[in-house]
1. What do you reckon, is Ile517 under 30 Å from Glu474 (Cβ atoms), open to solvent by 60 Å² or more (accessible area, probe 1.4 Å), among the aliphatic types (A, V, I, L, M) and not in a loop (DSSP other than H, G, I, E, B)?
2. Among Leu512, Leu524, Leu480, Leu533, which is the only one that is on the phi < 0 side of the Ramachandran plot, under 31 Å from the mean Cα position of the chain (by Cα) and surrounded by 22 or more Cβ atoms within 10 Å (Cβ to Cβ)?
3. Conditions: (1) open to solvent by 30 Å² or more (accessible area, probe 1.4 Å); (2) under 24 Å from the mean Cα position of the chain (by Cα). Thr115 meets all but one. Number of the miss?
4. Restricting to segment 561-582, name every residue that is among the β-branched types (Val, Ile, Thr) and under 22 Å from Thr457 (Cβ atoms).
5. Evaluate segment 248-258: report whether one residue or more is in contact with an Asp or Glu (Cβ under 8 Å, 6 or more places away or on another chain), charged (D, E, K, R) and within 26 Å of Ser369 (Cβ to Cβ).
6. For segment 602-612, how many residues meet the condition of being open to solvent by 30 Å² or more (accessible area, probe 1.4 Å) and within 11 Å of Tyr563 (Cα to Cα)?
7. Within segment 583-612, can you find the residues that are over 36 Å from the mean Cα position of the chain (by Cα), polar (S, T, N, Q) and not in a loop (DSSP other than H, G, I, E, B)?
8. Out of segment 444-458, which residues are farther than 12 Å from Pro426 by Cβ and polar (S, T, N, Q)?
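The values are calculated or read from the model by the stated rules, or taken from the named source; none is laboratory data. All figures in this text were calculated on a predicted structure; none of them were measured in a lab. Please note: Cβ atoms are built from the backbone with ideal geometry, for glycine as well, and neighbour counts cover all protein chains shown. Heads up: the accessible areas ignore ligands, DNA and RNA and are worked out on the full protein's heavy atoms, side chains in. Shrake-Rupley method; radii C 1.70, N 1.55, O 1.52, S 1.80 Å.
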Amino acid sequence: MAKIKSLNELEALRKSIVDKRDPRKTCITICNGTGCHAHGCAKVTDAFIEELRKQNLASKVDIRKTGCHGFCEKGTLVVVKPQDIFYHGVKEKDVPEIVSETIGNGKIVDRLLYTDPETKKKATYEHEVPFYRHQMRLVFGNNGAIDPTSIEDYLAVGGYSALAKVLSGKISPEQIINEVKKSGLRGRGGAGFPTGMKWETTRKAHGDTKYVICNSDEGDPGAYMDRSLMEGNPHSVLEGMVIGAYAIGSHQGFIYIRNEYPLAVQNAALALQQAEEMGLLGDNIMGSGFNFHVRINRGGGAFVCGESTALVASLEGNVGEPRAKYIHLAEQGLWGQPTNLNNVETWANVPIIINKGADWFAKIGTENSKGTKIFSLVGKINNTGLVEVPMGTTVRDIVYKIGGGIPKGKKFKAVQTGGPSGGMIPENLLDLPIDFDALTKAGSMMGSGAMIVMDETTCMVDMAKYFVTFLEGESCGKCLPCREGLRQMKEILTGITEGRGKESDIKLLEDLAAVMIDASLCALGSTAPNPVLSTIRYFRDEYIAHIKNHKCPAGVCKELINYKIVQDKCKGCKLCIKACPVEAITFTEKGKPVILDESKCIRCGSCYDVCRLEAIKIE
């Protein structure tokens, strides 16, 4: 790979790559993100290669292994371009039919098309699928179009053109920072701090060396936006980092990435190698005289290392513990030097802003939250996956227009945003616009972008206990308010879910939360009470039911529920008897109801799960 020594050489290379590619040539793009690997995409890809060879079509068709397409619920995803024919749930056995019918004869394989569950209408093309139709995929869009292991693919879609614009000498570092400030871009990692202001502070800070860090230590339950972006389009992140480094005056960068993300680590490392070999990274980038080197550091999986000062401590080789932010990282960070830290999605927005302009970017979103945001939509939702929407899109639109609503006709109950430290948004706030300010006002937060949907079978007290338990295990234990506050919260919530709750517990939880918010060392502790406070705020009746009535309205907390046989519905089929692990159900005679011995019942729910006649109810 020849090194590019000038901006003209980059554009010449880009032109030669594009000229060699016939836009009319058939290209089969196959999702090879982590989610689709679980669906068997590797075997599907190999099957396409082999089948094209068998049918003498290999020279006429390109195969492209892409990153995550987002619609993880329906993998393996296959899109036939340039028509954009969309097939989902593709298995190895489906490949010969796709190749012979669609590739060979131009016919559609109807059974592999997406069918709208409500209208029963089939979608032939990707843009017709509701999941995609209601999105605005500025950052994530190229994930489904390029091979993340090919720098040529990234160049073919305009990659590194923003960097070329910056290094052309026509834009000064100060002008770049002003453009980012003008765009209104705020950090996508959770805090939502204005990106341009952070860059400006770092540039003006006194220090011999300045560092740039990409935070890819994504640890929220249900969140995988950064992982998928780093897996599917690592060059977009790297380009943003180089632009930021040039604006700040940094010559050394770090990508801090979870070691549990092997594909992301692999693709990021390959992107660094390719960029260095091509002269887009390293010394004298594109002959501009600007030097910038990047190193990958693997995180050990500590959730607290997503916090900026804990991450820096880990990079330095110390225990990943936060420190008090009397002095910000921008002034004194890594090894005591000015340091700029942004997350994966923030960096990937930078080339878009440089290419499209701050004014264009600022037109998207709300007054104080500009651009788009990628969310991982998971939980009790029909269309699990990654969605990218303009800031200000309502919860209702995300859950119903994109997410396809709640499975099995269940009723929407709440959605948690912002990861384990986020709050629960109830049904009466379905029309809440999703942006930094609106979520904070509602008692939640943007966080990194996890959205966990809950239905009527979810116990909100139990959910608060789950997230508090998670955070207790992930707390570094350095400060007492977080360490002891979370432990005490977990004990109180456990008591409530086990029927030992007292009326004073709710007030005690609120008092503990106030202390943690005011006195915790870092954001983990100060935001940890959000799940508790938001469930008390919006679902206080469930706490009361647990404490006063010793009942769990959702039928989740085992100590507070009983199973009953509905006599007129039970036909004595014996499925529940086979499922019961403690022989608490007795068969009388064929066609007669079974008998449940409540003294033996361990409330495991096995009988309830297997009953097809709704003959077992929870009380």
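1. Yes, satisfied.
2. On the way: Leu512 fails: surrounded by 22 or more Cβ atoms within 10 Å (Cβ to Cβ); Leu480 fails: surrounded by 22 or more Cβ atoms within 10 Å (Cβ to Cβ); Leu533 fails: surrounded by 22 or more Cβ atoms within 10 Å (Cβ to Cβ).
Going through Leu512, Leu524, Leu480, Leu533 in turn, just one is on the phi < 0 side of the Ramachandran plot, under 31 Å from the mean Cα position of the chain (by Cα) and surrounded by 22 or more Cβ atoms within 10 Å (Cβ to Cβ): Leu524.
3. Every condition holds for Thr115 apart from (2).
4. From segment 561-582, those among the β-branched types (Val, Ile, Thr) are 561, 565-566, 577, 582; that's our starting set.
Correct list: Ile561, Ile565, Val566.
5. Pass one, segment 248-258, residues in contact with an Asp or Glu (Cβ under 8 Å, 6 or more places away or on another chain): 256-258.
Next, only the ones that are charged (D, E, K, R) stay: 258.
Checking which are within 26 Å of Ser369 (Cβ to Cβ) leaves us with none.
Among the residues of segment 248-258, not one is in contact with an Asp or Glu (Cβ under 8 Å, 6 or more places away or on another chain), charged (D, E, K, R) and within 26 Å of Ser369 (Cβ to Cβ), which makes the answer no.
6. First, pick out the residues of segment 602-612 that are open to solvent by 30 Å² or more (accessible area, probe 1.4 Å): 602-604, 606, 608-612.
After this cut, where a residue has to be within 11 Å of Tyr563 (Cα to Cα) as well, the list is 602-604, 606, 608.
Total satisfying the criteria: 5.
7. First, pick out the residues of segment 583-612 that are over 36 Å from the mean Cα position of the chain (by Cα): 583-602.
Add one more test, that the residue is polar (S, T, N, Q), and what stays is 586, 588, 599.
Residue satisfying the conditions is Thr586 alone.
8. Answer for segment 444-458, where residues must be farther than 12 Å from Pro426 by Cβ and polar (S, T, N, Q): Ser448, Thr457.
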